1. For region 307-395, with all protein chains present and a 1.4 Å probe, just round the carbon and sulfur fraction of the accessible area to a whole percent.
2. What's the percent breakdown of Cα-Cα distances in region 209-332 across 10 Å bins, shortest bin first?
3. With the cut-off at 23 Å, report for region 313-465 the share of all Cα pairs above it, as a whole percent.
4. If you count only protein heavy atoms with a 1.4 Å probe, what accessible area per residue comes out for region 353-404, rounded to a whole Å²?
5. Where a Cα-Cα gap under 30 Å defines reach, which lysines qualify for LYS349, not counting those fewer than 8 residues away within the same chain?
6. If you average 1/r over all unlike Cα pairs in region 96-192 and invert the result, what Kirkwood radius do you get in angstrom?
7. Which of LYS128/LYS250; LYS250/LYS356; LYS116/LYS142; LYS142/LYS220; LYS142/LYS421; LYS142/LYS250 have a Cα-Cα distance over 22 Å?
8. Just the ratio, please: alpha-carbon radius of gyration of region 422-465 over 2.2 N^0.38 Å, N its number of residues.
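The values are calculated or read from the model by the stated rules, or taken from the named source; none is laboratory data. Everything quoted here is computed from the prediction, not taken from an experiment. Remember, those area values only see protein heavy atoms, side chains included, never the ligands or the DNA or RNA. Shrake-Rupley method; radii C 1.70, N 1.55, O 1.52, S 1.80 Å.
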Amino acid sequence: MIFGRRALVTFVLAVAMSVPAVAQDGKAVPESRAEMQLSFAPLVKQTANAVVNVYAERVVERRSIFSGDPFFEEFFGQRMPNRTEKQSSLGSGVIVGRNGVVVTNNHVIEGADDIKVALADGRELPCKIMLKDDRVDLAVLKIQSDGPFDIIPIGDSDAVEVGDLVLAMGNPFGVGQTVTSGIVSALARNQINSGDFGFFIQTDAAINPGNSGGGLIDMKGQLIGINTAIFSRGGGSNGVGFAIPANLVKVFVASAESGGGSFIRPFIGATFEPVTSEVADALGLDRARGALVTAVAADGPAAAAGLKPGQVVTAVNGIAVEHPDALGYRLTTVGIGHEARVTISENGKTRDVVLKLERAPETSPRDERLIEGRNPFAGAVVANLSPRLAEELRMPTSLRGVVVTEINRGSPAARIGLQPKDIVRSVNGTEIDTSKTLESVTAEDASLWRVEIERDGQVIRQFFK
């Protein structure tokens, strides 16, 4: 068969149009009416039994309007006691362990005295908290009943791409289990909440109040995220929802199953800032992305790896880092006890360094002491700051000194306005370097106290009699 040039071009185009566009990874765009009528029903049947409703109940005290009034307390005494009432919150969760391990959001169960989950078959079962952390807004629960339970396997969120089809499953508004579909709208979103770091999968699948803690499911029936937040002015879905990536969920669940009482993040020993367009131009970067090293602590993992101020971290284990939150996410998912290959840019050149991920060290004994006597600090519990204590108190790990960890109610320290996380810098001209020094200085009988305190990076100087 012989074709002219025009006929040959027409034939090739006809063949190309009859074949669906298939990417190298096997994904295809629907090309026919039959393909557009495909259903998610088999996928829903495969995963629905592992999505649960989470009921959290807490008891709160309602103070009487006369509480604290000396007149009414004198004449009525305890006849007007404070009242207690129960408050309930509703969210969703995903069973990820056949023994009844459930993942949900921390804000769903925060402050709860009693937690139950409702399964798809109608059973309501009690739960206990294995681990929770408000900084990553995750919680792991254990169903107090014999299994095995249906599960949704945790997938690899790094394999997710913008445009992938997803299902959001949960219990919005308490109406019962609901499934919505959409696509992945964006990756590595930050500045969504006030947690430790922001790194979220954005989706346009409808997420509404009550969906929190529910699953974001891919087309393989794997969990790729835990639905956690929406952008909305009226409380409903506007097609901008966010999910915590599954790779962070996987590390968090492993921490819970190991019996750790808290979720420990790697100690880097450095601080980072976003790369602005001005910084990118000054450093010769082709675009504003990465995490700019601003300070490096001596004897820390970053110093050992050779990181220096002015360098820019652009990737971890070959995966690009867009901002400091993404860097924190990547290092956290690598995990403590492992090594990360960190790519840094300096003077227009890039190179890789090996960063050992460790737990924050306790460089000096915390030596907690309760200050007593006749002084402004009486009733305050103080300790020596170290990177580990700073991490526990959610303070910058570079801070040093003597920090207030607790204030007894009604104490002199409480009356003068002392707060936890305050760092005591000096008292009556004496520099406070240890908790023992503070205890010794406050034991003196002084008629006037000159106090210097650091709070949130600002120095406060006050005088007390």
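1. Values: 1880 of 4060 Å².
Summing carbon and sulfur atoms, their accessible area is 46 percent of the total for region 307-395.
2. 11, 29, 31, 23, 6, 0
3. Details: 5609 of 11628 pairs.
Value for region 313-465 (Cα pairs over 23 Å): 48 percent.
4. Details: 2370 Å² over 52 residues.
Per residue, region 353-404 has 45 Å² of solvent-accessible surface.
5. By straight Cα distance, LYS349 reaches LYS308.
6. One over the average 1/r among Cα pairs gives 15.5 Å for region 96-192.
7. Numbers: LYS128/LYS250 19 Å; LYS250/LYS356 20 Å; LYS116/LYS142 10 Å; LYS142/LYS220 25 Å; LYS142/LYS421 33 Å; LYS142/LYS250 16 Å.
Beyond 22 Å: LYS142/LYS220; LYS142/LYS421.
8. Details: Rg = 10.2 Å, N = 44, 2.2 N^0.38 = 9.3 Å.
That ratio works out to 1.10.
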